[in-house]
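Step one of this worksheet: look at the structure below.
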Amino acid sequence: MKKYKSIIDTYDPVLYPDLLIVVKNTTVEQLNKKYSTASGDNITEDYLGYGYACVTFCATRRKDNRKCIIVYQPCGLNKIDKNALINATHEAGHYVMEVFRDISAELSYNYQEPFCYLLQWAATNIYNTLNKKDNGSKRKK
C-alpha cells in the first residue's frame with residue numbers, strides 16, 4: 001500500500017473567527033492529535049463520511065480551543081483534474097455558510113461582496129492544498 005505525505009494546511013481569514021483547515025492524506029489518528037469534533041469528542045472514521053471526495057465539518061483545534069472548519073480529503077485521492085476545482089468550490093461554499101452562521105451574518109442579494117470575497121478566498125486555499133502532490137509540493141500548471 002502506498003504511503004502518502006500527510007498535509008494539514010491552516011488558513012486564517014483574519015476578519016472572521018473560524019480558521020480554514022484543509023487536510024489531505026491524513027489518517028484519523030493524525031487528525032485527532034491536533035483536532036477534536038466541535039463537541040470535544042475524537043474524530044472517527046464514520047464522522048469523515050468515507051465515500052465522498054471531500055467532507056467539511058466543524059472542529060476545535062486542541063492547542064488553543066479555537067474553532068475551525070476542516071475540509072478533509074481521504075487518503076489516496078490524489079488525482080488532480082477538474083474535480084479538484086469542483087470540490088474546492090463546493091467545500092468553500094460549506095465553509096462560508098458556517099462562518100456566516102457563526103457571525104450571525106445575513107445573506108443578501110443587495111450586498112453580496114462579503115460572501116463572494118470569502119468564497120473566493122476559501123476556494124483558492126482549498127484548491128491550492130488539494131492540488132499539492134503526494135510530497136507536499138505544488139503541481140505544475
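Couple of notes before you dig in:
For every residue, the table says whether it meets (1) of a type in the set (S, T, N, Q); (2) on the phi > 0 side of the Ramachandran plot; (3) touching a His at 6+ places or on another chain (Cβ under 9 Å).
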position	(1), (2), (3)
Asn25	yes, yes, no
Tyr35	no, no, no
Glu45	no, no, no
Arg66	no, no, no
Ile69	no, no, yes
Pro74	no, no, no
Met97	no, no, no
Ala105	no, no, no
Asn110	yes, no, no
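- Out of Tyr47, Tyr35, Tyr16, sole residue that is out of contact with any strand residue (DSSP E or B) (no Cβ under 6 Å at 6 or more places or on another chain), crowded, with 16+ Cβ neighbours inside 10 Å and in contact (Cβ under 8 Å) with a residue 12 or more places away in the chain: Tyr16
- Counting only strands (runs of 3 or more DSSP E) that fall entirely inside segment 1-104 and contain at least 1 residues that are over 17 Å from Asn128 (Cα atoms) and either at pLDDT below 95 or not β-branched (Val, Ile, Thr) (or both), the qualifying elements are 35-37, 55-61, 66-73.
- Annotation note: of Gln120, Gln112, the sole residue that is over 22 Å from Cys58 (Cβ atoms) and either free of Cβ contacts under 8 Å to residues at least 60 places away in the same chain or surrounded by fewer than 19 Cβ atoms within 10 Å (Cβ to Cβ) (or both) is Gln112.
The values are calculated or read from the model by the stated rules, or taken from the named source; none is laboratory data. All figures in this text were calculated on a predicted structure; none of them were measured in a lab. Note that each Cβ is placed from the backbone with ideal geometry, even for glycine, and that neighbours are counted across all protein chains shown.
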